[in-house]
Amino acid sequence: MRHIRFSAIALLLACAFPTLASAAVKEIGVTYVKSPLNVPAIVEMKLGLFEKEFGPDGITVTHLDLNAGPKQTQAIAAGSVQFANCLGNTSALLAAVGGVDLKIIGIFSRAPEAFTIIAKAPGIASVRDLKGKKVVGPKGTLLHQLLIAALAKEGLKAADVEFLSMGLMEGVTAMLAGSADAALAAGAAVPKAQEQGARILATGKGLLDASTVIAVGGQFLKEHPDLVARFMKVHKGALAFMKENEREALRLTAEETGLTPEAVSAMYPLYDFDVTIRPSDIDDLRKTQEFLIENGMMEKRVDIDSLVVSIDAGNAK
């Protein structure tokens, strides 16, 4: 794996003099995405972990509720967000090829079985039955990638369905109301739709890793590697809290998402929150890039090796 490892000397110097390194930073923007079932982000938000880390330095942490990937990357480009704490790898690649200066510094989650295609209408029992039907969901996302992959598995093409781009919850609502034949759904939307008669036609299992990433503005990383390392230290601390206090973490998640504790407990095992960037994650990014190019959403490739940066949070003060 050849992705960039941030200069150890620069990081050590920055961490040795955190006050000087972070003196110009008064506010840090972090995206807050609680769905599909983003337990680490919920734990960080509910327990105020970033505030506890950065508050003593006089840095205010703002949490921006931005679920859509393009809105997250636009906020990074505008400088109102420094960290996208749960960003689909499709959105990261599309932003990078569009000129947004960002770096992937960790994996937020891998959850292929949590991403689904659902339907309620009678006569639709499998993905094969979607030919000629209307499917709704967010375009250029992991869910859209799942649809294309599931169709291909059945020998169908994207053009074989009428796809309409729509927000996740809006799409599920449209499907339940009968104005769409199927919807792309994930997280809390799935059990809630199932309660109203929806069926799962396919999940990402065997089709894609469905990984989301942690991204940071490239310029912010260059200027404040100490703060980036400390951000990752906090995130790893949240993962440790989840492991040691699973019941409390799931209680907070149920409270925040409106799901029952039983539903949260059933969905939680579907997620791998290990932040480590594995060789398989790099392979998944490459596969996602090919998907975007083949489906006309990217015209050129980005250098994935230079997009991914390893951060040593162990030296963070």
Nearest 10 degrees, 0 to 90: what angle lies between the long axis of helix 69-78 and the longest principal axis of the chain (Cα atoms)? 30 degrees
Expressed as an acute angle from 0 to 90° and rounded to the nearest 10, what is the orientation of the C-alpha long axis of helix 142-153 relative to the principal long axis of the chain? 40 degrees
Would you list, by chain and number, the lysines whose Cα falls below 21 Å from the Cα of residue 46, excluding same-chain residues fewer than 8 positions away? 34, 233, 236, 243
Which of the peptides 284-292, 215-223, 36-44 is most tightly packed, and how do the rest follow, going by the mean number of other Cβ atoms within 10 Å of each residue? 36-44, 215-223, 284-292
Taking the Cα centre of the chain as the origin, how large is its charge dipole in debye, to the nearest 20, when only Lys and Arg (+1) and Asp and Glu (-1) carry charge on their Cβ atoms? 300 debye
Among 140, 114, 263, whose Cα sits farthest toward the positive end of the charge dipole of the chain (+1 at Cβ of Lys/Arg, -1 at Cβ of Asp/Glu, about the Cα centre)? 140
Name the lysines eligible as straight-distance cross-link partners of residue 131: C-alpha to C-alpha under 17 Å, and not fewer than 8 places from it in the same chain. 120, 153, 157
Under the rule rounded for a/c under 1.5, else prolate if a/b exceeds b/c, else oblate, using alpha carbon gyration tensor axes a ≥ b ≥ c, the stretch 163-317 is classed as oblate
Using the heavy atoms of the protein chains alone and a 1.4 angstrom probe, what is the accessible area of the chain per residue in square angstrom? 44 Å²
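Classify the stretch 246-317 as rounded, prolate or oblate, taking a ≥ b ≥ c as the square roots of the eigenvalues of its Cα gyration tensor: rounded when a/c is under 1.5, otherwise prolate if a/b is larger than b/c and oblate if not. It would help to have the intermediate numbers written out before the result.
Working: a/c = 3.15, a/b = 1.59, b/c = 1.98.
Because a/c hits 1.5 or more and a/b fails to exceed b/c, the stretch 246-317 counts as oblate.
Got a number for carbon plus sulfur as a percent of the chain's accessible area, 1.4 Å probe? Could the numbers behind the result be given before it?
Values: 7320 of 13850 Å².
After summing per-atom areas, the C and S share lands at 53 percent.
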Please give me the summed charge of the neighbours of residue 107: other residues whose Cβ is under 11 Å from its Cβ, Lys and Arg +1, Asp and Glu -1. -3
Nearest 10 degrees, 0 to 90: helix 279-294 Cα axis against the chain principal axis: 50 degrees
Take the alpha-carbon centre of the stretch 42-121, take the same for the stretch 268-317, and report the distance between them in whole Å. 14 Å
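Count the net charge of all other residues whose Cβ sits under 10 Å from the Cβ of residue 198, scoring Lys and Arg as +1 and Asp and Glu as -1. Each step should come with its number before you reach the end.
Numbers: positive: 120, 192, 199; negative: 195.
Here the charged neighbours net out to +2.
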Count the net charge of all other residues whose Cβ sits under 11 Å from the Cβ of residue 79, scoring Lys and Arg as +1 and Asp and Glu as -1. -2
Round to the nearest 10 and report in Å² the accessible area of residue 230, as given by a 1.4 Å probe over the protein chains' heavy atoms. 10 Å²
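Under the rule a/c < 1.5 gives rounded, and otherwise a/b versus b/c splits prolate from oblate, where does the stretch 121-169 land using the Cα gyration tensor?
Taking the square roots of the gyration eigenvalues as a ≥ b ≥ c, the stretch 121-169 is oblate.
The values are calculated or read from the model by the stated rules, or taken from the named source; none is laboratory data. Keep in mind it's a predicted model, so treat the numbers as computed, not measured. When we count neighbours, we look across all protein chains shown, and the Cβ atoms used for this are built from the backbone with ideal geometry, even at glycine. What goes into the accessible areas is simple: the full protein's heavy atoms, side chains included, and nothing from ligands, DNA or RNA. Shrake-Rupley method; radii C 1.70, N 1.55, O 1.52, S 1.80 Å.
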